[in-house]
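The values are calculated or read from the model by the stated rules, or taken from the named source; none is laboratory data. None of these values were measured; they are calculated from a predicted model. Positions of Cβ are backbone-derived with ideal geometry, glycine not excepted, and every protein chain shown enters the neighbour counts. What goes into the accessible areas is simple: the full protein's heavy atoms, side chains included, and nothing from ligands, DNA or RNA. Shrake-Rupley method; radii C 1.70, N 1.55, O 1.52, S 1.80 Å.
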Amino acid sequence: MADRVTVIGWDGSPLADAARSALGAATLVAGAAHHLDLPEVPENAERVRLGSVGLAARRIAGHRGTAVVFADGDPGFFGVVRTLRAPEFGLEVEVVPAVSAVAAAFARAGMPWDDAQVVVAHSRTLRRAVNVCRAHTKVAVLTSPGAGPAELGLLLEGVHRSFVICEELGTARERVTILTSDKAADHTWRDPNVVIVIGGFVAAAEGGGWIAGREPGGEPRGWALPARAYGGALGEGESDLLRAAQLARLGPRVGDLVWDIGCGSGAFATEAARTGAAVIAVDRSPGSCARTEHSARRYGVQMQIVHGSAPHVLEDLPEPDVVRVGGGGAAVVSAVADRRPQRIVAHAATRDAAELIGRDLTEHGYDVECALIQSVELDTRAWTEKERSVAFLLSGRLPDRAP
């Protein structure tokens with residue numbers, strides 16, 4: 001095992017004394033090509049081109065001597081330190097930090113970033129990173145080959161965002177480009193790069209807050225808000241308790257894409273967006289689309305609103321994680337099930353309609369549950385009934401998908 005392992009963060013600035021001292025004693029140096037070309041790297045040290053951090057960690061664990069690992073930016077922020085400290089390698093590391101690539105990117109853009117979300121995009125997480133960009137007004141994306149600005153732009157089709165693309169930060173080839181997301185696929189971008197994605201209904205908060213990322217507390221406390229919160233009477237299938245049950249069964253979360261088909265007033269779509277999930281709200285009524293946009297703006301959440309009739313309008317939408325079918329019946333549920341989201345919820349007014357939807361979900365391989373939900377609102381001054389609603393709630397879950 002290496003006698004000592006020092007991880008040096010590199011941001012293009014002159015190396016600190018601690019970094020120079022560690023390099024002077026190094027018998028193995030691992031890093032990218034531009035790190036290994038630095039004049040401070042000892043000529044007689046073994047040089048390891050850093051591709052897979054896991055493979056490099058095994059090499060270091062078997063090395064007898066003193067090792068140095070270079071990493072761009074802050075190596076403790078989505079960096080190599082986590083892998084090097086994994087129990088299977090048994091390495092104890094010292095870290096010489098540097099300015100993170102995210103901090104440097106926002107500095108180049110002259111923007112604050114305490115209100116930004118930060119995500120990592122690679123082949124496995126690209127779609128989820130894009131969903132965070134859909135759901136938030138300011139996101140920094142740490143990219144990788146095959147999951148860069150062009151791919152982000154392509155997957156954000158239909159959603160207008162501005163990109164600040166920072167290439168090869170800290171090097172002589174550093175370049176900062178500002179363009180709209182629909183233009184990103186027209187260029188070839190150099191790795192590594194950081195993309196700042198900005199835009200949406202609401203500008204980023206000014207004045208700062210007390211927590212990094214999206215500050216909670218700007219919206220009403222609680223879920224399944226009453227009808228008056230959405231401007232008056234709600235449509236069929238939008239009652240408070242039914243909405244609460246639908247949210248509970250779908251469990252939307254950050255990184256998910258939610259479809260709300262037949263969005264009506266926008267009540268469900270708005271509350272799904274408040275969880276941090278990305279939302280596409282669909283309705284054939286221009287009035288419903290307008291009400292949904294008003295609700296989203298009122299509560300400061302982002303969503304894409306699509307005017308059109310399901311199931312045909314669904315064909316060009318990106319893949320969903322969870323779906324609420326608020327209108328269209330069994331035909332729309334069947335079209336949704338063909339896209340294989342993890343979970344689907346729908347409702348029906350009659351048992352026959354519920355059985356039809358349930359059979360269709362079962363035939364598509366979903367585990368199906370159905371509950372009869374009845375709510376009665378009481379006037380607490382006289383304890384008399386004010387309003388009653390009854391609906392069959394159906395939910396389907398794919399057993400072969402992650403929960």
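Which residue pairs have Cβ atoms under 7 Å apart, sit 6 or more places apart or on different chains, and have a first residue in the range 84-96 that is farther than 13 Å from ARG59 by Cα and a second that is open to solvent by 100 Å² or more (accessible area, probe 1.4 Å) and not β-branched (Val, Ile, Thr)?
As it stands, the answer is VAL93/ARG85, since those pairs meet every condition given.
What are the residues in the range 225-271 that are on the phi > 0 side of the Ramachandran plot and out of contact with any His (no Cβ under 6 Å at 6 or more places or on another chain), if any?
Selection gives GLY231, GLY232, GLY251, GLY255, GLY262, GLY264, GLY266.
Looking at the range 357-382, I want the residues that are free of Cβ contacts under 8 Å to residues at least 40 places away in the same chain and have a partner that is open to solvent by 50 Å² or more (accessible area, probe 1.4 Å) and part of a helix (DSSP H, G or I) with Cβ atoms under 6 Å, at least 6 apart or on another chain. Which pairs are those?
So the pair list comes out as VAL368/THR362.
Given (1) more than 17 Å from the chain's Cα centre (by Cα); (2) outside any helix (DSSP H, G or I); (3) of a type in the set (Gly, Ala, Ser), identify the lone condition not met by ALA184.
(2)
For the condition open to solvent by less than 50 Å² (accessible area, probe 1.4 Å) and over 26 Å from ARG173 (Cα atoms), what is the one hit in THR27, THR66?
THR66
ILE8: more than 29 Å from VAL195 (Cα to Cα) and in contact with a strand residue (DSSP E or B) (Cβ under 8 Å, 6 or more places away or on another chain), yes or no?
Considered against the rule, which asks whether it is more than 29 Å from VAL195 (Cα to Cα) and in contact with a strand residue (DSSP E or B) (Cβ under 8 Å, 6 or more places away or on another chain), ILE8 comes out as no.
One line per residue, one yes/no per condition, for (1) touching a Gly at 6+ places or on another chain (Cβ under 8 Å); (2) open to solvent by 10 Å² or more (accessible area, probe 1.4 Å); (3) outside any loop (DSSP other than H, G, I, E, B):
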| residue | (1), (2), (3) |
| --- | --- |
| SER334 | no, yes, yes |
| PRO341 | no, no, no |
| HIS347 | yes, yes, yes |
| ILE357 | yes, no, yes |
| CYS370 | yes, yes, yes |
| GLN374 | no, yes, yes |
| ARG388 | no, yes, yes |
| PHE392 | no, yes, yes |
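Those residues that are surrounded by fewer than 20 Cβ atoms within 10 Å (Cβ to Cβ), closer than 28 Å to ALA103 by Cα and among the small types (Gly, Ala, Ser), I need them from the range 69-93; list them, please.
Selection gives GLY76, ALA86.
Does SER265 meet the test of being under 17 Å from ARG243 (Cα atoms), buried (at least 19 other Cβ atoms within 10 Å of the Cβ) and touching a Leu at 6+ places or on another chain (Cβ under 6 Å)?
Values: under 17 Å from ARG243 (Cα atoms): yes; buried (at least 19 other Cβ atoms within 10 Å of the Cβ): yes; touching a Leu at 6+ places or on another chain (Cβ under 6 Å): yes.
It is true that SER265 is under 17 Å from ARG243 (Cα atoms), buried (at least 19 other Cβ atoms within 10 Å of the Cβ) and touching a Leu at 6+ places or on another chain (Cβ under 6 Å).
Can you name every residue in the range 268-298 that is open to solvent by 30 Å² or more (accessible area, probe 1.4 Å) and within 18 Å of GLY199 (Cβ to Cβ)?
Across the range 268-298, the qualifying residues are GLU293, ARG297.
Across the range 137-174, what is the number of residues that are assigned to a strand (DSSP E or B), without any contact (Cβ under 8 Å) to a residue 40 or more places away in the chain and within 21 Å of PRO318 (Cα to Cα)?
So the count comes out to 3.
Among (1) surrounded by 21 or more Cβ atoms within 10 Å (Cβ to Cβ); (2) over 28 Å from GLU174 (Cβ atoms); (3) touching a residue at least 40 places away in the same chain (Cβ under 8 Å); (4) of a type in the set (A, V, I, L, M, F, W, C), there is one condition ALA61 misses while meeting the rest; what is its number?
Going through the list (1) surrounded by 21 or more Cβ atoms within 10 Å (Cβ to Cβ); (2) over 28 Å from GLU174 (Cβ atoms); (3) touching a residue at least 40 places away in the same chain (Cβ under 8 Å); (4) of a type in the set (A, V, I, L, M, F, W, C), ALA61 breaks only (1).
Would you pick out the residues in the range 175-194 that are open to solvent by less than 60 Å² (accessible area, probe 1.4 Å) and touching a residue at least 60 places away in the same chain (Cβ under 8 Å)?
VAL194
Does the range 318-325 contain at least one residue that is open to solvent by 40 Å² or more (accessible area, probe 1.4 Å), within 17 Å of LEU242 (Cα to Cα) and part of a loop (DSSP other than H, G, I, E, B)?
No - not one qualifying residue is present in the range 318-325.
Counting just the residues of the range 119-141 that are open to solvent by 30 Å² or more (accessible area, probe 1.4 Å) and under 9 Å from the mean Cα position of the chain (by Cα), which one comes out nearest to THR270 (Cα to Cα)?
Ranking the candidates gives ARG128 first.
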